[in-house]
Each structure stands twice: as structure tokens, then as C-alpha cells.
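Remarks on the structure that follows.
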């Protein structure tokens, strides 16, 4: 009984995540499924969505900078 | 939390997987961001959010498929029970998607470059657009190359663009310019400067011509604004029109500036970019003639409207100008309607300011005479003149110094003209200046309201009330064009309040009713006892020639009559105004002809009781007074012939004559009594009742009051004087009646003579009898045998004339168009006494 309820729950979580992922693709956010899951979990735990978006962008920019640096170093 | 962040960092920055320091740095940084206030304040609701997203999606893929899909997904997500903060998640996605700014939009958001016609389903705005693969030459390119080879290529568009931008500002460019004609009357023409190296294709020419129209209109509007700025004495409405136009032009300048910077940006790009890059950029961001055309389209309409207004403004002024603009609001095109509404709102501001002042304080502030109420400048000074004259008139209630002496008659008459003239002519209604959205009925109401307030303020010296009213009305909001219903409401209230107040002032403060009543009682002989007393007291002096009369005697007699009758109970303010006067007399006239009673009025009462009405009152008084006189004479005569003749006139052979005289005199008494009853009961009292009803109702404005009084008076004049509406015969009955009056007087004289004769005759007979008895009583008076037949003949003549005229009068009255007069005819000949003898 309880196992079937758990199974239900898991499947619905899965579905929700699928939908969100699809939306994210539609909106072209370029988040992979894992990152999206992490983000959704954070939001559910009360993080401000706009701040989180800022974080993601910040990290992306940081990454770009790092990659450029590496390229320069490699050269 | 930190764990999750770390996971994020490692997922997004692969380099941090190795460097621990970098990772912890980033995590700390991210925590900083999360703890900051970004986005902390607002949380848009779901509907708004999804709208935003859909709009975004529509922008990137105009087919709408993506947004449809999103709607689908959203509804499915909402069905899911798991997440608590779905909205926040969506917000997160949205802010992540919306954050990368789309390239090329710049400051012209609406006309961004069309989405690149690529086939990939999810265009990525983050990445710079992938440069297009070089293709084979298009036909246009081939054509251009061909032209280049021929040596006459098309003029490059960016050069033309620059010129066109100049044209939009009314400046001639290098390749395209306005024909040099300074006078604005002739149509400005556009000239294309063709040089040998380049050609301008005709479609481009057409396009430029279209664009140049805006420039042409712009020069016209701008010239108008400039001209008005310099000119002096420009009306306020025109000023505000200019202001509005200027604001519009500023807007226009802004647009041009933006376009210009856009153009220069694109031309910079062309300079350092490769050919391919240039064409691409131009396609994406640059300004072309066609884009310019799209940008300008709205302005073309606006400019057209503005130039039309400008054209109209040359001929019209003030309210007429507002009318002109208002006539454009009835337009099916919502854009035009909106524009004109806006314009009208702006332009009508000074009008409404004036209206407000006029409607609530009765002041006309209109330095450029644009309002639909115009002041007569010659009467403007009356405002300052009035208080002094009024103060002089009212201040000394004890003496009649204010009225005394004929020296200031001229002065008085000048002032007397004041009231009504002031009311009627100080302000004039100008129909062509009345804005159409107000409507004529309301215009009249506004006019009357302001006039009433002004009148209350300056002629009735009740400015305190007006000021308080004004203050009260200020709280009720302002008048403006967009709120016509409110405007009408406030006009209605203001009108009612002002009229009500005017009535109150007139009836309570200035005792209009008392004055009217006094006029009726004294001048129309409503006080019978007073009239009798006056008649008796004056009888002796009035039979004397007019030049033997003195005014002070008359006034003293008047005083006596007042004291000895009920009139003494009237308020002193009323009695003070009553005065006896003589008209201008000519030789041979006696006191009866020139004596009149007068009632003095002063501003502001003279607005209602204007000099014209006073003249009518005098006319009525004269007629009624004469009637009274005849009545008095007849009653004295009747006493004599009935009492005296029976007791001591013993001339038996003359008895039949006396009998005849009594019959005729009874007929005359009947005539005059009926006449009087008709005047007093059927005419004066009935009219009075109508007037009283009106005054008690307290409806309508000053004009209505004046009108009511005037009709009251006219009705009385018409009926008392038995005037007939037929032209040329208006006074025929009246003339007959006056003739009858004089016949009665002559008859009375003849009977007096006859009476005297009989008296002396009976005395002679007494003497004879005495002599027969041997008593000598005196010398025998000379006896003239001719006298008796002559006297009898006179009496007979007059009685014949009287019955003849009375009969004519009755017959004329029976055919009189006025019903009341016809009824008088019936009264006079109630027993068919005056039936036409055949």
C-alpha cells in the first residue's frame, strides 16, 4: 500500500520535472536536467527565484571568463 | 543549501571541480547574491507571468506554436501536486530566459529587426547570430553590378536617408531640396538634384516625396508657432494651442533625433565592417527609407491634423477656434479622435478657466475677448460709479435730499438708465464664440448665471455671498472638456443657486414686492381712501391754471392725504419715495392736466422698474386719475341735483328738464362705475395675481423677473387703456373714452349753470311773492328771457353727445379683439340699453 503511494509520488515528481524541463527548453534557459532539479529543489526550500537566476548567470559568466583564461594560458 | 550550491557551481563551472579554492570562492559569492535583495520585493502573479512569457515566446517565434506549447505545459504543471512553489519556479525560468538582452533591438523596440529567417526551432538569443552562408548572387545584385558597370549607379541609400532626415526638419538636403520659394502661398515643391554620376530611381523618389510631406507640414506648423510666439496680443486659447503644438513638435524632434542616431550608427557600421557584414547589419538594425516611412506614418497623420488646425487658427479666434477643433472630434478614426480630444483638452483649458471664473464668481477675465460673453467697455465703469450713487441715495433716510430739487434731475435720469441698461447691455452673448460642446441652452444658462452673479456683486453689493460661494465651488473640482456631464451638472447648480439668490436679494433685501405693491396702491389708485383724500384736498388747486400751481403746495397736500388715510401705516421707505409732480405744461392747461404722482426707484431695483415701466405707470395713473376725477365730479353733481333741486328749487315748469338731467347723469354714473370696476377688479387685480404667483415660485433668472413684470405692466396698459392690437386704430377706443370724459365734464358744467339759473329764478319768484305780500326783500335782478332755452339746449346737446358716444364705445368694445374689453362692453350694456337703434 505504502509502496504504491511512494511509487505514485515518485512518478509525479518525475512528471513535474519533465514538464519543467520542457518549459526550460522552450524558454531556452540552457539548463540541463540535473541543474534544473537542483534549482527547483532550492526554490522549493525558499530561495528567491530572481536571485537564483542571478546566481546562475553569474556562474555562467565566471565560467566563460575561466575558459577564456585557460585558452590564453594554453596559448 | 550549501550542498546544492556547490552542486550548481560544479555543474556550471567545470573548472571548479579541480580547484577547491575557486569552488569555495564561487559558492561564497553565490551565497552573497542569494542573500542580497535581488528580486526580493515583488512577486508577480501567475497570470502576469505567463503573459510575459508568452509575449517573449511570440517575439522569438511569431507563429505562436511555442506559446501554445507553453500554455499546454503550464496547465499540465499546475495539475501536478508535488511542487509547492510552482509560481516561483516559473518565475525563475522566466528571469533566466528573459535576461540575455536581444541584440539589435536598441532603443527602437517596436521596430526591431524581423526575426532571422532561420529554420532552427529554438533560436538562441544568447549567442551572436550565426553569419549567413554566402549564397549565389541575387538578381538585385546582378542589376546593381550592371548599373555600376554602366557608370550610373543608384545613389546610395544612406545619402538619400540623410537628406530625407533633413527634409523632415524642413531643411533642404544635398540631393533633394525644397524649391526656393519663400512665400508660403505657393505650394512648396520638391526638387531632386540629379548629377551625372547617379540616378535616383522613381520608386525611391515617390517614397521620398511621401516622406517630404511630413517635412512640409512641419515647416508650416513650426512657422505658425514661431509667428505666434513673436506676435503680441495673441489670445489665450491660441497660446495654449501653440503650447500644445510645441509639445508635439518636441516629441517629433525626439523621434528625429533617435532616427538620426540610428542612421549614424548604421553608417558607422558600414565604414569599418566588411561588405557582407554591412549588408547584414543594415538588414538587422539600420535605417532605410522604408523603415523611415513606417516610423513616420503616425506622425504624418498627426502633422496633417496639426496643420489643419493651424490653417483654421488663422481665421478663427477664441471660442470659434475651440469650435473648429471640436468639429474634428466627430471622426471615425480613433487615432484622429484621440488626437483632437487631447488637443481640445489642452486648448480648452483657458476657456474653462474663464468659464470657472465667470460661472462661480461672476467675473469676466478675458483679456483677449475670446469668451462667448463680451463686456461692453462703455458700461464697465458703471461698476465703480454705482456704489457712490447708491450710497448717496440710501444713506439719508430722514430727508428727501436724495430726491430733492430739480437741479439734479439730469443726474438722476442718467443714473436711472443704469439698472436695466447695465443688466441688459453690460455683457453680451456672442453666439459664434460659444463652443459647440457646451450647447446653446447651456450657453444661455452660463451667460445668465455669470450675469446674475456679477449683478449681485456689483449692483446689489453682496460680494461677500459671491465670494463664499466661489470658495465653496472651488472644492467641487475643476471644469474640463473630458467631463461634459459634470460640466453640465455644475452649470445647472450654479444657475439655480445664482437665480435663487438673485430672487432672495431682490425680494428680501431690496423689498421688490413692497415697491410693486406701493406702485399698485398709489399709482394705480389701489388705496381708495388715499385717492379720495388726495382728490378732495387737491380739488381746489387743480382747477386753477397750471402755472399757478406750486410744487411745494402739491407735496404738502400729498402729505396731508397720506396722513389722513390708511396710507400712513405704510413703511416710511415707501412713503419717502412718493412724490407729487407737475408735467411740463403749456399755455392754457389747468392743474388736472399736469398733475401726476411719482414713485422714485433707484438701483438696483430700477433693473426691474426701469424708466420705461415708470412711464407706463404714469400713463396708467393719468388715465385712472382722470376716471377718479370724473367719478368725484359726478357724485358731487348727483348730490346737488338730487338733494338740492328737490328741496329748494321751486320752478315747477322746469321739473321735466331736471328729470331728464337725472336720467342722463345716472347713465353717466353707471358708465364710469363700470369702467372703474373693470379696471380695478378685472385688469389690475388679475394681473397682480399672475405676477405674485411668479414671484412666489422663485424660478427663472433676472430676465424672467423683468419679463414677468413687463408683461404684468403691458397687460394692464393694454386693457386699462382699451388698446386694440390693430395698427393705426390702437387708441381709437381710448380717444372716445377721453372724449366722453370731457363731455361729462362739460355736461356737469352745463347742469351747474342750469342749477344756478334755477336758483336765481326761484329766488326771483320768491322775491315776487314777497313783493305781492308787500314785503320788499331786494332789488329785482335783471331777467334775460334768452338764457333759459340756451341753457336747456346746452344740457340737451351734451347729453345727446354723451349717449351717442357711449353707444359707439359699447359697439366698438363688443367687436374688440381682447376678451376682457369685450366683456366690458357687455357690462356697460348689460340690459341691451345701448342696442343699435335701427
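Which one of these is closer than 24 Å to residue B:444 by Cβ, modelled with pLDDT of 60 or more and surrounded by 17 or more Cβ atoms within 10 Å (Cβ to Cβ): B:343, B:355? B:355 is the lone residue from the list that is closer than 24 Å to residue B:444 by Cβ, modelled with pLDDT of 60 or more and surrounded by 17 or more Cβ atoms within 10 Å (Cβ to Cβ).
For the stretch B:515-535, give me each residue that is surrounded by fewer than 15 Cβ atoms within 10 Å (Cβ to Cβ) and touching a residue at least 40 places away in the same chain (Cβ under 8 Å).
Matches in the stretch B:515-535: none.
With respect to the conditions (1) in contact with a helix residue (DSSP H, G or I) (Cβ under 7 Å, 6 or more places away or on another chain); (2) in contact (Cβ under 8 Å) with a residue 24 or more places away in the chain; (3) buried (at least 16 other Cβ atoms within 10 Å of the Cβ), residue B:694 falls short on a single one, namely (2).
Among the conditions (1) at the interface with another protein chain (Cβ under 7 Å from one of its Cβ atoms); (2) closer than 24 Å to residue B:74 by Cβ; (3) touching a helix residue (DSSP H, G or I) at 6+ places or on another chain (Cβ under 8 Å), the only one that residue A:32 does not satisfy is (1).
You will find that of B:502, B:519, the residue that is modelled with pLDDT of 85 or more and over 24 Å from residue B:589 (Cβ atoms) is B:519 and no other.
Here is a yes/no grid of residues against (1) touching a helix residue (DSSP H, G or I) at 6+ places or on another chain (Cβ under 9 Å); (2) assigned to a loop (DSSP other than H, G, I, E, B):
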site	(1), (2)
B:485	no, no
B:488	yes, no
B:494	yes, no
B:501	yes, no
B:505	yes, no
B:515	yes, no
B:518	yes, no
B:521	yes, no
B:525	yes, yes
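Here is a yes/no grid of residues against (1) in a helix (DSSP H, G or I); (2) under 39 Å from the mean Cα position of the chain (by Cα):
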| position | (1), (2) |
| --- | --- |
| B:660 | yes, no |
| B:663 | yes, no |
| B:667 | yes, no |
| B:674 | yes, no |
| B:686 | yes, yes |
| B:699 | no, yes |
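How many residues are at the interface with another protein chain (Cβ under 9 Å from one of its Cβ atoms) and either exposed (fewer than 13 other Cβ atoms within 10 Å of the Cβ) or in a helix (DSSP H, G or I) (or both) when one looks only at the stretch A:18-29? Give the derivation first.
Of the residues in the stretch A:18-29, the ones at the interface with another protein chain (Cβ under 9 Å from one of its Cβ atoms) are A:19-20, A:22-29.
When the remaining residues are screened for being either exposed (fewer than 13 other Cβ atoms within 10 Å of the Cβ) or in a helix (DSSP H, G or I) (or both), the result is A:19-20, A:22-26.
Going through the stretch A:18-29 one residue at a time, the tally reaches 7.
Among helices (runs of 4 or more DSSP H) lying entirely in the stretch B:541-648, which contain 3 or more residues that are touching a helix residue (DSSP H, G or I) at 6+ places or on another chain (Cβ under 8 Å) and on the phi < 0 side of the Ramachandran plot?
Ranges flagged: B:551-563, B:572-577, B:591-594, B:611-639.
Scanning the stretch B:72-95 for residues that are more than 7 Å from every other protein chain (Cβ to nearest Cβ) and exposed (fewer than 15 other Cβ atoms within 10 Å of the Cβ) yields B:72, B:75, B:78, B:79. Condition check for residue A:8 on (1) in a helix (DSSP H, G or I); (2) surrounded by 12 or more Cβ atoms within 10 Å (Cβ to Cβ); (3) modelled with pLDDT under 85; (4) more than 7 Å from chain B (Cβ to nearest Cβ): one failure, at (2). Among the numbered criteria (1) modelled with pLDDT of 80 or more; (2) more than 10 Å from chain A (Cβ to nearest Cβ), which single criterion is violated by residue B:30? Looking at each condition in turn, residue B:30 falls short on (2). The single residue among A:59, A:52 that is at the interface with another protein chain (Cβ under 7 Å from one of its Cβ atoms), under 20 Å from residue B:52 (Cβ atoms) and surrounded by 20 or more Cβ atoms within 10 Å (Cβ to Cβ) turns out to be A:52. Selection of the stretch B:224-253 for residues being assigned to a helix (DSSP H, G or I) and within 16 Å of residue B:315 (Cα to Cα) yields B:224, B:225, B:227, B:228, B:236, B:237, B:238, B:239, B:241, B:242. The single condition among (1) assigned to a loop (DSSP other than H, G, I, E, B); (2) modelled with pLDDT of 50 or more; (3) within 12 Å of another protein chain (Cβ to nearest Cβ) that residue B:127 does not meet is (2).
Here is a yes/no grid of residues against (1) surrounded by 12 or more Cβ atoms within 10 Å (Cβ to Cβ); (2) within 17 Å of residue A:39 (Cα to Cα); (3) at pLDDT 75 or above:
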{"residue": "B:24", "(1), (2), (3)": "yes, no, yes"}
{"residue": "B:38", "(1), (2), (3)": "yes, yes, no"}
{"residue": "B:41", "(1), (2), (3)": "no, no, no"}
{"residue": "B:61", "(1), (2), (3)": "yes, no, no"}
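The values are calculated or read from the model by the stated rules, or taken from the named source; none is laboratory data. Just so it is clear, the model here is predicted, and its values are computed rather than measured. Ideal geometry is used to build each Cβ from the backbone, glycine not excepted, and the neighbour counts take in all protein chains shown.
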